[in-house]
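Taking it in order: structure first as structure tokens, then the write-up.
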Amino acid sequence: MPRSLLGIEELERSEIEQILERTKAFQPHGGQTFAKVNTCTGMLVVNAFFENSTRTRSSFEIAAKRLGADTLSITASGSSVSKGESLVDTLNTLVAMRPSAIVMRHKASGAPHFLSRHLSTPIVNAGDGTHEHPTQALLDARTILDRCGKLEGLRVAIIGDIQHSRVARSNVHLLSKFGAEIVLCGPPSLLPREMASIANGVTLEYDMRRAVRGTDVIMMLRVQLERIHEPPMQAGEYFRFYGLRQEHIELAHPDVIVMHPGPMNRGQEISSEVADSQRSMILSQVENGVSVRMAVLERVLLQ
Ligand code: CP
């Protein structure tokens, strides 16, 4: 079986630790850029993005190039998917060109899992519907570890549209494997009660001030309007109840860090004052995205 990376749920804690440890070798220090290591020279990574992306797609491409691999990018609008070709036919066409791995984002939950059962090429899940975004959780974990030194025992509040968030699901799986205390917070329509049973150590909270009290990490999520027919409330009202502002930072642990996977909507789920503050790890997350994806691709390509 090819060594795909489909989700955090199916990874052992030791496998996650290995990826996070290997990531350190690729992190730039001081004014350096990402090291060019050439461990994957001659290999081809296909980035097949059937949903839009800025951070994930560009960082996978940089990561593959830094490892010495060649890259090819396919998008839904620029490919024959827009002419009605099925996903399986598109992927089989790409596989016939002998890539070493396929990085795939798709709006359907489970799409990479389905394809991995039919293809001989390893697949890396770059986000499937509302299900998982494993490399996002890995880069988030690397960012927390760099700043806080541990995951175990930390209180992490994940706030926003939990229901539609693959980032939330992957983070819950990862953080629970490492013994973090996870508080999920959002309006009732975006935080169904069954979310409490995803993993151990999860509680639900509908009041944002209670969610952030004493917390070590605040992770904000946008409302995914592209997956919702009716917004839960007007934007201004949403910001009043679930938008992160300086008054929330003052309720949290004195060393709290603020995270957001992006894309962020300033003035909706987060204020510019907080997003641009010393507490914000948002650009560190982006930077760690390249190093984590180098470690993930190397693991998949050098199996
Ligand atoms: N965090 C994330 O997945 O961002 P993109 O949609 O820009 O890739």
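The values are calculated or read from the model by the stated rules, or taken from the named source; none is laboratory data. Every value quoted in this text rests on a predicted model; they were computed, and no experiment measured them. Every residue, glycine as well, gets a Cβ built from its backbone with ideal geometry; the counts of neighbours run over all protein chains shown. SASA here: full protein model, heavy atoms, side chains in, ligands and nucleic acids out. Shrake-Rupley method; radii C 1.70, N 1.55, O 1.52, S 1.80 Å.
List of remarks:
- When only the Cβ of Lys, Arg, Asp and Glu is charged (+1, +1, -1, -1), the dipole of the chain relative to its Cα centre reaches about 520 debye.
- Degrees between helix 282-301 axis and first principal axis of the chain (Cα, 0 to 90, nearest 10): 30 degrees
- Of all DSSP beta bridges in the chain, antiparallel share, percent nearest 5: 5 percent
- Mean shadow area of the stretch 177-303 over all directions, Cα convex hull, nm²: 9.5 nm²
- DSSP-defined antiparallel bridges as percent of all bridges, the stretch 73-225, nearest 5: 5 percent
- Binned Cα-Cα distance frequencies in the stretch 159-199 - 5 Å width, integer %: 5, 25, 38, 22, 9, 1
- In the stretch 190-238, the convex hull through the Cα atoms has an average projected area of 4.6 nm², a quarter of its surface area.
- Listed by chain and number, the aspartates and glutamates whose alpha-carbon sits under 18 Å from that of LYS83, ignoring those within fewer than 8 places in the same chain, are GLU51.
- Over 18 Å apart at the Cα level, from the set LYS150/LYS177; LYS36/LYS150; LYS24/LYS177, are LYS36/LYS150; LYS24/LYS177.
- Shape class for the chain: prolate, because the ratio a/c of the largest to smallest gyration tensor axis (alpha-carbon atoms, square roots of eigenvalues) is 1.5 or more and a/b beats b/c.
- Angle of helix 134-148 to the longest C-alpha principal axis of the chain, folded into 0 to 90 degrees and rounded to 10: 50°.
- Counting heavy atoms of the protein chains alone, VAL81 has an accessible area of about 50 Å² for a 1.4 Å probe.
- Folded to 0 to 90 degrees: helix 166-177 orientation relative to the chain principal axis, Cα: 80 degrees
- Taken over the C-alpha atoms, the stretch 116-260 has Rg and Dmax values of 15.4, 52 angstrom.
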